[in-house]
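Below you'll find the structure, written out as structure tokens, and then a few comments.
The values are calculated or read from the model by the stated rules, or taken from the named source; none is laboratory data. Here the structure is a predicted model, which is why all the values come from computation and not from measurement. In this analysis, Cβ positions are derived from the backbone assuming ideal geometry, glycine residues included, and neighbour counts consider all displayed protein chains. Surface areas here come from the heavy atoms of the whole protein model, side chains and all, with no ligands, DNA or RNA. Shrake-Rupley method; radii C 1.70, N 1.55, O 1.52, S 1.80 Å.
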Amino acid sequence: MVDERLALDRRRCDRARVARDARYDGRFFSGVLTTRIYCRPTCPVKPAKSRNVVFFPTAAAAERAGFRPCLRCRPEAAPGTPAWRGAGATVSRALRLIERGFLDDGKSVEALAEALGVTPCHLRRLFVRHAGASPRAVAATRRVQRAKTLVDTTALAMWAIAFAAGFGSIRRFNAAFRALYRRPPSALRRARRATASSRSRRPHASHR
Ligand SMILES: [Zn+2]
């Protein structure tokens, strides 16, 4: 019960953000209004001024509000969100099903609600309250996050990443990726290689 409120307590979030407190990693994300980028509390980039920062309980909520993931602290690599523990068994079970791809293969939120023994309305309410986003938005964020992790950590072909991450087609994968990162996944892989090779020369590179 404390967890969710903790994650949304602005002053505590901001203290954790400025201190780069690793204990809060995964508990909230901070969005910078001037750049429209969202970060983990542990982001290595110089913290933005507090008045320009807003907080979200999940990555899906930040994206729903129009923020893009930071390419430095990589929100997709944040640990599972303990804040969700306070959300109860239904949300936890829903998350596990979404994580296993329940909403990736054409099944509806209605089917998810039925599998959980609640009404679709109730399920949506629970998600909005605890995650700041609908089950479908959470599933969409997780798909792109899985893909981004594979882009970053493997040499897999893009088509293989698309299917491994739960996208029904390459076209959808590219569209979702472009919508969020404003560039195709292949460009991100090239950018990462370039950054890795020039990091020693530019230790204070900022957000991109
Ligand atoms: Zn960041």
Of the residues that sit in region 36-45 and are near the ligand (Cβ under 10 Å from one of its atoms) and of a type outside the set (A, V, I, L, M, F, W, C), which one is most open to solvent (accessible area, probe 1.4 Å)? Pro44
Going through region 149-195 in order, the residues found to be touching a residue at least 60 places away in the same chain (Cβ under 8 Å) and of a type in the set (A, V, I, L, M) are Leu180, Leu188, Ala191
Residues that are within 16 Å of the ligand (Cβ to nearest atom) and open to solvent by 10 Å² or more (accessible area, probe 1.4 Å): list the helices (runs of 4 or more DSSP H) wholly contained in region 51-168 that include at least 1 such residues. 59-64, 135-153
I'd like to verify a number: residues in region 25-34 that are farther than 18 Å from Leu95 by Cα and more than 10 Å from the ligand (Cβ to nearest atom), how many? 4
First in region 30-53 and on the phi < 0 side of the Ramachandran plot and touching a residue at least 24 places away in the same chain (Cβ under 8 Å), second anywhere and away from the ligand (no atom under 12 Å from the Cβ) and among the small types (Gly, Ala, Ser), Cβ under 6 Å, 6 or more apart: Pro41/Ala16; Thr42/Ala22
Please find, among Asp14, Asp3, Asp21, Asp25, the residue that is among the acidic types (Asp, Glu) and either modelled with pLDDT under 90 or open to solvent by 70 Å² or more (accessible area, probe 1.4 Å) (or both). Asp3
